[in-house]
1. For the range 17-66, state the semi-axes of the equivalent ellipsoid (square roots of 5 times the eigenvalues of the alpha-carbon gyration tensor), sorted largest first and rounded to whole angstrom.
2. Can you list the HN-Hα couplings for the range 40-51, worked out from phi with the Karplus curve (6.51, -1.76, 1.60; θ = phi - 60°), rounded to whole Hz and with x for Gly and Pro?
3. Can you tell me the 0 to 90 degree angle between the C-alpha axis of helix 24-39 and the longest principal axis of the chain, rounded to 10?
4. Just tell me the longest site-free run in the chain, where the sites are chymotrypsin sites (Phe, Trp or Tyr not before Pro) in a DSSP loop having at most 11 other beta-carbon atoms within 10 Å.
5. Which residue, 26, 38, 9, has the largest displacement toward the positive end of the dipole of the chain when charges sit on each Cβ (Lys, Arg +1; Asp, Glu -1)?
6. Restrict the search to the range 21-72; then list the GluC sites (Glu not before Pro) that DSSP places in a loop and that have at most 15 other Cβ atoms within 10 Å of their Cβ.
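Quick note: the coordinates plus some simple rules give every number you see, no bench work behind them. Please read these numbers as outputs of a predicted model, since none were measured by experiment. So basically every Cβ, Gly included, is an ideal-geometry build from the backbone, and we count neighbours across all protein chains shown.
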Amino acid sequence: MANEQEKAIDVDKLLQNKLKSVSIGSLENAIAKVVSEMVGEDYKCTISEVKYTLFSGADFHVKIELTYNPEK
């Protein structure tokens with residue numbers, strides 16, 4: 001007997017990759033902020049080679065670098 005409580009998969013929703021609407025700059029800033037808070041130093045983040053996947057995902061290269069500020 002099939003479980004009547006099972007939900008049907010919404011294929012249209014699954015195929016809509018919402019990550020495409022997220023700014024790469026926003027992702028870079030958010031990642032840099034989190035890393036900086038974790039390490040206690042100022043870091044910058046660069047994202048490149050973005051490839052969006054079919055099922056709401058993305059593959060990309062992330063580069064994290066310590067920023068140099070001579071005033072600190």
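1. They are 23, 10, 8 Å, listed from largest to smallest.
2. So the Karplus estimates, Gly and Pro as x, are x, 10, 7, 10, 10, 10, 10, 10, 9, 6, 6, 10 Hz.
3. The angle comes out near 60 degrees.
4. Free of exposed loop sites, the longest segment is 1-54.
5. The residue sitting farthest along the positive end of the dipole is 26.
6. When the GluC sites (Glu not before Pro) of the range 21-72 are filtered for loop state and at most 15 Cβ neighbours within 10 Å, 41, 71 remain.
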